[in-house]
Every structure is written in structure tokens, then in C-alpha cells.
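Participant: I have a structure here, written as C-alpha cells, and I will follow up with some questions on it.
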Amino acid sequence: MVRRTLLTFALSSVAFPALADLVVLQYHHVSDSTPSSTSTSVSLFEAQMEMIADLKLEVVPLQAGTQRALAGAGKGAQNQLAITFDDAYDSVYSKAAPMLSSMDYPYTIFVNTEAVGRHGYMTWEQLAELEQRDDVTIANHSADHGHLARKPGETAEQWNSRIDQSLDAAQATLEEKLGTEAPLFAYPYGEFDTALEEKLADRDWYGYGQQSGPIGESSGATRLPRFPMANAYGQLNGLPDKLQSKAFPVAADELPGGVMTDNPPLLSFALPDSMEASRLTCFASGQGRIDISVEDGQVRVQAPDAFNSRRLRYNCTYPAGGGQFYWLSHQWLDPQQPED
């Protein structure tokens, strides 16, 4: 079983006080001229940062904020926020970094090391310049940005060799080039399976996906959520709900793994006694709102139609009071579908 940092009390038998969770924002490009699916326009990024300031949310380093949230150390306080960038694109250096520096906001850049210096990416000199700042963390995003879950037809020996090489080569390169060895890892494409989670747990690394939601004391240390902030997902009208969301009080170990075994997949978990199933709302990728049922005390969430995409998510929310929502997102990978 994957080792995860979470409390072991019976979550289903208690009422839940307000907790200060950690909301992690995930960016790729900050640019008006890069692919829209992974880009946040410069004006939208600036407006997002201004909203964070207006809401008086504290922006903290990712590792410290994650540890605090997993420990449940912020009861009664406002959420904290962490800002992350995947892939080390050059627009982060030219557009985002100056803005964040002016606001004294810390942030983390996840680097796939083999891409550094290529067209559109930062150079090692630029990364070294940023890493010298106390509020910037450079972390591991694999060596090659490959699909790291085990591939159909790949033997366990082949997979182990491929993954150990990608994870450890990237970490060694970051230490050699920048002197950094942060225990933080962002899964390329947000894809993971149980065996990959075990790899991170064995290294005592935190693992960050691309499924939405805040990090709280029930979250799993190797499957931590982040809110994607590309143009399609980071618009201002829905941003306050995300920034002030609360981690859904269901232990990560109760949730399924990251690889789909049935299509459509079933998400099942015990709803805490203090919650009413009628107030739970769930959505599926590309299918909109979907029905839920309750059997033997277990909530069952399943889309009506099969999926033909490589990655899909179910998102569920529940009113937390004060205009806030508990937020749960689960991502599945279908390894039979073509890679990106």
C-alpha cells in the first residue's frame, strides 16, 4: 500500500471544523501566443494575482504549505495558496517571474530537465538566476516528460528501469546544475498509477497531479491535487470558489487508483455522517453533471457513457458553509488510449 501522510481517525463519524487548506495553482505558459490549452494570458494571470491579493490569501512555498495542510495545522484560518509552473517555459521567466517578484509571491517551477535550453524553454542560466531567490523552488518534472505509468506490453523490469532513470536522472541534474534537491515531483500530464506512487513514496517525495481541489489532512502525499489555471479553467468568475475551497473529508486511501479498469469507471466512497448525499454534486469530463447513488453507506458515482479519452476526471463538490465548497476530483488514466 502506498504510504500517504494523512490522519487515521474515522472520517465518516465526525463533523468537520473549518480548516485552512492549501490551494495549489498549476500553470504552464503565461503568454498570449502559445497553445491555448496550456496557456494563461498575461492579462488573466495579472488579474488572478490581483484577486489573490484582494482576498488577502497568504501565498506560501509549496513544500511548507503542503506539510502544514497535510498535518491539519491550520484550523479556523484562511486557506493558504501555492503557485506552480510545469515545464519551465520561457514565458514564466519573462512574464510571470517579474510580476510575482514585485508581489513577493513565492512559487515553484517543475522542470523536465532534457528540455532545458530548447526553443521555448528556459536556459540553465535563467533557472539558476531564479533559484538564487529565497522565494523560488526548482523541482523535478522527470527527465523526459514521458508518460510514466506502465505501458501496455511493458514488463515490470522494463518499467522499473525506465522510471528509475527518468526520476533519478532529473533529480541528479537539478542538483548538479542548481544545487537543489527538493522532494517535490509533478507528474507529467498528471498521470500516475499505484506503482508510480510507490516510487515517490520510497524516495519520500510529494507527488502533484493535475486533478483539481485543495490539499488537506485527508489528502494523499503522492497524489496531491492542483487547480489548472489555463485560460479555459482560470477565469475570474469561478476563481474565488477554487481559492476558498475545502478539501473533501474522505481519506485518499479510500479512493481508487489512477488507472481505469472499467469504462465508465466507478468512484465509491463513504460519505461522512454529517453530510447528506442529496447535497453532493458531481460532474464527469465531457458529460456534465452525473447522477449519484448510495448503497450500504457508500456513495457511488459513475458516468452514464463510456469514455474514449486517455485521461478523465470526476469532480464532486459539497456546500461547506459561508459560500465555500468541499471539493474532490479524481483522475483516471486509460493506458489503452494513445499517448499525447
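The values are calculated or read from the model by the stated rules, or taken from the named source; none is laboratory data. Everything numeric here is computed off the predicted structure, so don't read it as measured data. Please note: Cβ atoms are built from the backbone with ideal geometry, for glycine as well, and neighbour counts cover all protein chains shown.
Participant: Can you find even one residue in the range 101-109 that is assigned by TED's automatic domain parsing to the domain that holds A64, part of a helix (DSSP H, G or I) and either in contact with a Gly (Cβ under 8 Å, 6 or more places away or on another chain) or exposed (fewer than 14 other Cβ atoms within 10 Å of the Cβ) (or both)?
Facilitator: Initially, the range 101-109 is screened for residues assigned by TED's automatic domain parsing to the domain that holds A64, giving 101-109.
Still in the list and also part of a helix (DSSP H, G or I): 101-102.
Narrowing further to those that are either in contact with a Gly (Cβ under 8 Å, 6 or more places away or on another chain) or exposed (fewer than 14 other Cβ atoms within 10 Å of the Cβ) (or both): 102.
Yes: one or more hits.
Participant: Could you pull out the residue among S274, S219, S268 that is under 14 Å from the mean Cα position of the chain (by Cα) and either surrounded by fewer than 21 Cβ atoms within 10 Å (Cβ to Cβ) or polar (S, T, N, Q) (or both)?
Facilitator: When all the criteria are applied, what remains is S219.
Participant: Same structure again: For the range 1-21, check the following and say yes or no: at least one residue is modelled with pLDDT of 95 or more and assigned to a strand (DSSP E or B). Step through it out loud before you land on a result.
Facilitator: Keep residues of the range 1-21 that are modelled with pLDDT of 95 or more, which gives 21.
Remaining after also requiring assigned to a strand (DSSP E or B): none.
There is no residue in the range 1-21 that is modelled with pLDDT of 95 or more and assigned to a strand (DSSP E or B).
Participant: Name the residue, out of Y189, Y121, that is without any contact (Cβ under 8 Å) to a residue 40 or more places away in the chain, among the aromatic types (F, W, Y) and out of contact with any Ser or Thr (no Cβ under 9 Å at 6 or more places or on another chain).
Facilitator: Working: Y189 fails: without any contact (Cβ under 8 Å) to a residue 40 or more places away in the chain.
When all the criteria are applied, what remains is Y121.
Participant: Scan the range 78-102 for residues that are within 19 Å of Q244 (Cβ to Cβ) and either without any contact (Cβ under 8 Å) to a residue 12 or more places away in the chain or touching an Asp or Glu at 6+ places or on another chain (Cβ under 9 Å) (or both) and jot them down. Quick ask: steps written out before the conclusion?
Facilitator: Here is the first cut: in the range 78-102, the residues within 19 Å of Q244 (Cβ to Cβ) are 78-84.
Correct list: Q78, N79, Q80, L81.
Participant: For the range 246-340, which fully contained strands (runs of 3 or more DSSP E) count at least 3 residues that are hydrophobic (A, V, I, L, M, F, W, C)? Can you show your working first?
Facilitator: Details: elements: 266-270, 281-284, 288-290, 292-295, 298-302, 311-321, 324-333.
Because the criterion is at least 3 residues that are hydrophobic (A, V, I, L, M, F, W, C), the strands (runs of 3 or more DSSP E) in the range 246-340 that meet it are 266-270, 281-284, 311-321, 324-333.
Participant: Continuing with this model, one more query. Residue check: is Q78 closer than 19 Å to E181 by Cβ and either in contact with a Leu (Cβ under 6 Å, 6 or more places away or on another chain) or not in a strand (DSSP E or B) (or both)? It would help to see each step written out before you state the result.
Facilitator: Numbers: closer than 19 Å to E181 by Cβ: no; either in contact with a Leu (Cβ under 6 Å, 6 or more places away or on another chain) or not in a strand (DSSP E or B) (or both): yes.
Spelling it out, it is not the case that Q78 is closer than 19 Å to E181 by Cβ and either in contact with a Leu (Cβ under 6 Å, 6 or more places away or on another chain) or not in a strand (DSSP E or B) (or both).
Participant: To continue, here is another question. Are any of the residues in the range 318-330 more than 19 Å from the chain's Cα centre (by Cα), of a type outside the set (S, T, Y) and either under 29 Å from P152 (Cβ atoms) or assigned by TED's automatic domain parsing to the domain that holds D87 (or both)? Outline the logic, then answer.
Facilitator: Step one: list which residues in the range 318-330 are more than 19 Å from the chain's Cα centre (by Cα), which gives 318-324.
With of a type outside the set (S, T, Y) added as a condition, the list becomes 319-324.
Applying the additional criterion that residues be either under 29 Å from P152 (Cβ atoms) or assigned by TED's automatic domain parsing to the domain that holds D87 (or both) yields none.
No.
Participant: Moving to a separate point now. I'm trying to understand the selection: among the residues of the range 194-242, which are closer than 20 Å to P183 by Cβ and of a type in the set (A, V, I, L, M)?
Facilitator: Step one: list which residues in the range 194-242 are closer than 20 Å to P183 by Cβ, which gives 194-210, 215-217, 219-226.
Listed by number, the residues that qualify are A195, L196, L200, A201, I215, A221, L224.
Participant: Shifting gears a bit: In the range 53-68, how many are closer than 27 Å to W205 by Cβ, assigned to a helix (DSSP H, G or I) and not charged (D, E, K, R)?
Facilitator: Initially, the range 53-68 is screened for residues closer than 27 Å to W205 by Cβ, giving 57-68.
Adding the requirement that they be assigned to a helix (DSSP H, G or I) leaves 62-68.
Applying the additional criterion that residues be not charged (D, E, K, R) yields 62-67.
The total comes to 6.
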